[in-house]
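The values are calculated or read from the model by the stated rules, or taken from the named source; none is laboratory data. Everything numeric in this text was worked out from a predicted model, so none of it was measured. Here the Cβ positions follow ideal geometry from the backbone for every residue, glycine too, while neighbour counts run over all protein chains shown. Remember, those area values only see protein heavy atoms, side chains included, never the ligands or the DNA or RNA. Shrake-Rupley method; radii C 1.70, N 1.55, O 1.52, S 1.80 Å.
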Amino acid sequence: MGRTAGWMLVISLMSEWVALGIWIGGLVVLIAAVLPAVFNTFGGQDAGGLFLTKAFEGYNRLVLGAIVVLAAGMGWRAWNAPLQYAVGRGEALLFAAMVLIAGVIIFYLHPLAAARQAEAFALKAGEGRKEAFEAFFKLHMPVRSLYLINLGLGLFLAGARVRTWIRRSEGVV
């Protein structure tokens, strides 16, 4: 491997790890720190809910950027990296599943949930508001589940990458 290819490998791997760290770490921060802070600080359900919707929209934009970086890095490694750092089938499948889930959340479920939330917030009182919130929370449950599944897949992807690289460096694979 030439000097330029060596630097490209370093840049690719470093960029991929940063992107994966943002994907995993961003969701951990939202779940472990932001959600409890919002529910323990904001005065009403409306203000806290709107804040969380905006926070997750920002996270979703970061995930889209992470997808681009990971895809570019993995693409470069698939074509140019030595065997030790080549993209494995498991790594590619985990990443594809993460992208699919993120796409469903970002382009379909989150906008739909945000619209239902806005409808519920627009109603001031009465039975209509209660029903609107029930519809929102009914949709929001699968969204939360998919975020958690994607978090787990991201952790598995990180672990799979490390395991594969260790095994390949030891000549096991």
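The set of residues in segment 1-35 being within 30 Å of Leu50 (Cα to Cα) and not β-branched (Val, Ile, Thr) consists of Ala19, Leu20, Gly21, Trp23, Gly25, Gly26, Leu27, Leu30, Ala32, Ala33, Leu35.
Quick check on segment 9-50: of everything there that is touching a residue at least 40 places away in the same chain (Cβ under 8 Å) and closer than 17 Å to Phe121 by Cα, which residue is least open to solvent (accessible area, probe 1.4 Å)? Taking the candidates together, the pick is Gly49.
Could you say which residue among Val87, Val63 is closer than 23 Å to Tyr147 by Cα and crowded, with 16+ Cβ neighbours inside 10 Å?
Unique residue meeting the criteria: Val63.
Scan segment 138-173 for residues that are open to solvent by 90 Å² or more (accessible area, probe 1.4 Å) and in a helix (DSSP H, G or I) and the total you get is 7. Residues in segment 43-93 that are more than 22 Å from Ala33 (Cβ to Cβ) and acidic (Asp, Glu): Glu91 alone.
Met98 falls short on exactly one of the conditions (1) modelled with pLDDT of 95 or more; (2) part of a loop (DSSP other than H, G, I, E, B), and that condition is (2). For segment 77-127, the candidate set comprises residues that are among the aromatic types (Phe, Trp, Tyr) and touching a Lys or Arg at 6+ places or on another chain (Cβ under 9 Å); within that set, the residue that is nearest to Arg163 (Cα to Cα) is Tyr85.
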